[in-house]
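Right, one structure below, let's go through it.
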Amino acid sequence: MKIIEKVEAIKQQELTATENLEQMYSIIEEKNNDINAFVELDLQRAQKVAENIDNRIKNNEDTGKLAGLVIGIKCNINVEDLIVSAASPTLKEYIGSYNATVINRIIEEDGVIVGLTNMDEFAAGSSTETSMYGPTNNPSAPGHIPGGSSGGSAAAIAAGMCDIALGSDTGGSIRNPASHCGVMGFKPTYGMVSRQGLLDLSMSLDQIGPFANDTTGIALMLDVITGYDPYDTTTIKKETSPFIDDTKTTSLENTTVGIVKEFMDVTDDKINNVVNKSIDQLSDLGADIKELTFEDINLGLPTYYLINYVEFFSATRKYDGRKYGERIEEVCGPEVARRIEIGSYISQKEFSGKYYKKALQARSLIRNDFNDLLSNVDVIAGPTVPKLPHKIGEEIDTMDMYAYDILTVLANITGIPASSMKSGLVDDIPVGLQLQAKPEEDHKILSTMSALENN
Ligand code: GLN
């Protein structure tokens, strides 16, 4: 049953919100010990919410767009009364004192938030192995990393523990775990979704977005969380048509899809073979396929990490041990420590404009060149991640870890929307198809995903 059909079934009282919660919760109880997708659960509160929805439906009262759906939230998004630790010992006792804007919107639309999901410490990673709660297992490729940093949210969806989950994506943290776990993940255009209440990794790159097993789940959540928010001045003021309408797309006539040679060049051949089949499918659905080249590909990672280090360093200055618990430098893991140290160094050198200014120049260059590429096509299709996920605990050096992000960071640097959906399997491990489009053309991505799903 698709997510939109489940919402209907709940409204028609064929399934109650309480039953849906019970079903999902029993899967959590059965599998979470092994998967470690959820790090905190709040069954009592969820039960109350579900009962309230059921009562209102019985009394013929109106209910919201997400009525009765079970939702998981990445543990770097503020939810009142839950421990919002960003998986860091720094914040291990920090209890959310307010709801992020996205959380308030989910509650208004009757989503049933069941708990918080695992992630890399402060979202700085691609494997969910740096969490203070321990690693998350990949339900679709047991023993392998689920990807990161929103690995808990992707794994929760892959394991059937919730209907929709939220993650955050700074350099790929929604799309990368969606790819490795074989689910759908969507990073909206920068500014489409309020970041108010998100603990930032790198504020000019961060964006919140949904995971689900089908496009209707993605669409319903986007319809709820997108839109202007007076508490986040970077949000875009613009009304768009409902995303749920895009999910009916069946044909791609009049759609031009770009394929970028350099994206395939950096990717494992086995992954390319699978992704090429999805591209053939796009062509069978009527899309016009166009070959493109993007020569700045090797600028992406250095530009991304430089900006990330500097912005993260600045964001962490509030964790000085006075207001939120422990001083970050004293308790954080090695990756977070590295970013703080290098970020501090780069910031000190800033008066000479040695690094950060260059990164900002590279960012403009990448943005201009990427916009040129997109000006000829509706969407760009290609692999999400260039290599398969490693085994949990396998030693992998920092540069190899960063290399997972080469195809995903570009969308954050440029602010464009991007998604990942399952393309197929390589050695029994899911691999994702990434779709990218012009800023504010999120609808085109969802339509393309839907056309693939509906055929
Ligand atoms: N893996 C990237 C990093 O470590 C992306 C993280 C993210 O998107 N939050 O910064």
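The values are calculated or read from the model by the stated rules, or taken from the named source; none is laboratory data. Since the model is a prediction, treat every value here as computed from it, not as a measurement. When we count neighbours, we look across all protein chains shown, and the Cβ atoms used for this are built from the backbone with ideal geometry, even at glycine.
I need the full set of residues from segment 325-359 which are hydrophobic (A, V, I, L, M, F, W, C), surrounded by fewer than 17 Cβ atoms within 10 Å (Cβ to Cβ) and either in contact with a strand residue (DSSP E or B) (Cβ under 7 Å, 6 or more places away or on another chain) or modelled with pLDDT of 95 or more (or both), in order please.
Here is the first cut: in segment 325-359, the residues hydrophobic (A, V, I, L, M, F, W, C) are 328, 331-332, 336-337, 340, 342, 346, 351, 359.
If we keep only those that are surrounded by fewer than 17 Cβ atoms within 10 Å (Cβ to Cβ) too, we end up with 337, 351.
Result: ALA337, single match.
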Single residue of GLY152, GLY134, GLY147 found to be within 16 Å of the ligand (Cβ to nearest atom), among the small types (Gly, Ala, Ser) and in a loop (DSSP other than H, G, I, E, B): GLY147
Which listed residue is on the phi > 0 side of the Ramachandran plot and not aliphatic (A, V, I, L, M), from GLY147, GLY111, GLY72, GLY152: GLY147
Unmet requirement for VAL310, which otherwise passes all of (1) touching a residue at least 40 places away in the same chain (Cβ under 8 Å); (2) away from the ligand (no atom under 16 Å from the Cβ): (2)
Count - residues of segment 376-421 that are among the charged types (D, E, K, R), in contact (Cβ under 8 Å) with a residue 12 or more places away in the chain and away from the ligand (no atom under 12 Å from the Cβ): 3
Residue in segment 277-288 that is within 16 Å of the ligand (Cβ to nearest atom), under 26 Å from HIS180 (Cβ atoms) and without any contact (Cβ under 8 Å) to a residue 40 or more places away in the chain present: no
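Among the residues of segment 235-243, are any closer than 30 Å to ALA155 by Cβ and part of a helix (DSSP H, G or I)?
Yes.
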Checking THR90 against (1) more than 16 Å from the chain's Cα centre (by Cα); (2) outside any helix (DSSP H, G or I); (3) of a type in the set (Val, Ile, Thr), the condition it does not meet: (2)
Test set (1) buried (at least 24 other Cβ atoms within 10 Å of the Cβ); (2) within 13 Å of the ligand (Cβ to nearest atom) - SER204 fails condition number: (1)
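List the helices (runs of 4 or more DSSP H) inside segment 251-325, counting only whole elements, that have at least 1 residues being under 30 Å from GLY96 (Cβ atoms). Don't jump to the end; show me each part of the working.
Details: elements: 261-265, 269-284, 300-316.
Here the list reads 300-316.
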Residue match in segment 168-180 (condition: more than 16 Å from the ligand (Cβ to nearest atom), over 12 Å from the mean Cα position of the chain (by Cα) and in contact (Cβ under 8 Å) with a residue 24 or more places away in the chain): no
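Can you say whether ASP229 is charged (D, E, K, R) and either within 17 Å of LEU435 (Cβ to Cβ) or within 16 Å of the ligand (Cβ to nearest atom) (or both), as far as the supplied structure shows?
Against the criterion (charged (D, E, K, R) and either within 17 Å of LEU435 (Cβ to Cβ) or within 16 Å of the ligand (Cβ to nearest atom) (or both)), ASP229 does not qualify.
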Filter result for the condition that a residue is buried (at least 24 other Cβ atoms within 10 Å of the Cβ), charged (D, E, K, R) and either over 16 Å from the mean Cα position of the chain (by Cα) or not in a helix (DSSP H, G or I) (or both), over ASP110, ASP81, ASP62: ASP110
Only listed residue being over 27 Å from ALA219 (Cα atoms) and in contact with a helix residue (DSSP H, G or I) (Cβ under 7 Å, 6 or more places away or on another chain), chosen from SER140, SER126, SER85, SER149: SER85
Identity of the residue in segment 114-130, assigned to a loop (DSSP other than H, G, I, E, B), at negative phi and among the hydroxyl-bearing types (Ser, Thr, Tyr), that ends up surrounded by the most Cβ atoms within 10 Å (Cβ to Cβ): SER126
Check on GLU395, at positive phi and surrounded by fewer than 20 Cβ atoms within 10 Å (Cβ to Cβ): no
Test: residue in segment 243-261 that is closer than 23 Å to TYR402 by Cα, without any contact (Cβ under 8 Å) to a residue 60 or more places away in the chain and more than 14 Å from the ligand (Cβ to nearest atom): yes
Selection within segment 315-324 - within 16 Å of the ligand (Cβ to nearest atom) and either at pLDDT below 95 or not β-branched (Val, Ile, Thr) (or both): ALA315
Search result, residues across segment 87-100 that are surrounded by 24 or more Cβ atoms within 10 Å (Cβ to Cβ) and either in contact with a strand residue (DSSP E or B) (Cβ under 9 Å, 6 or more places away or on another chain) or over 21 Å from GLN207 (Cα atoms) (or both): ALA87, THR90, LEU91, ALA100
Filter result for ASP163 (of a type in the set (Asp, Glu) and more than 16 Å from the ligand (Cβ to nearest atom)): yes
Residue among MET449, MET421 that alone is crowded, with 24+ Cβ neighbours inside 10 Å, aliphatic (A, V, I, L, M) and more than 15 Å from the chain's Cα centre (by Cα): MET449
